[in-house]
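The numbers here are math on the coordinates, done by the rules we state, and not lab data. Computed from a predicted model, the values in this text were never measured in an experiment. Cβ: placed from backbone, ideal geometry, glycine included. Neighbour counts: every protein chain shown.
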Amino acid sequence: MSVSPCAMEVTRLVVSEQVTNAGKYAPGPALMDVRIDGDAVEVVVRDSDPVLRAARAADAGRVGHHGLEIVMAVAQALEAEPWVDGGRA
């Protein structure tokens, strides 16, 4: 199955934002899985941070902390849930 160039770029952006967050905030390892499901690309990032992060209210003057805002703007859906091993999905 082929993925459009636009979907590939959006996927790269989502992966970059999510993996950067995991590396920045999680105290331990992180796992990433990317798969094609029909006409969608699914990105799953798990990390060892026990705290679920949430997008902040939009603030054009804020420097940084826009990762989840960006992901929410380009993704069809975003889910965050506790990871069974003490991290999050």
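When the chain is described by a simple charge dipole with +1 on each Lys and Arg Cβ and -1 on each Asp and Glu Cβ, the residue from Val10, Val34, Ala22 located farthest towards its positive end is Ala22.
Computed about the Cα centre, the dipole magnitude for the stretch 22-79 is approximately 300 debye when only Lys and Arg (+1) and Asp and Glu (-1) carry charge, each at its Cβ.
3J(HN,Hα) along the stretch 63-73, derived from phi through the Karplus expression 6.51 cos²θ - 1.76 cosθ + 1.60 where θ = phi - 60°, amounts to 9, x, 6, 10, x, 5, 4, 4, 4, 5, 6 Hz, with x in place of Gly and Pro.
Taking 1 over the mean of 1/r across every pair of different Cα atoms in the chain, what Kirkwood radius in Å do you get?
13.9
In terms of the mean number of neighbouring beta-carbon atoms within 10 Å, the peptides 47-53, 37-43, 16-22 order highest first as 16-22, 47-53, 37-43.
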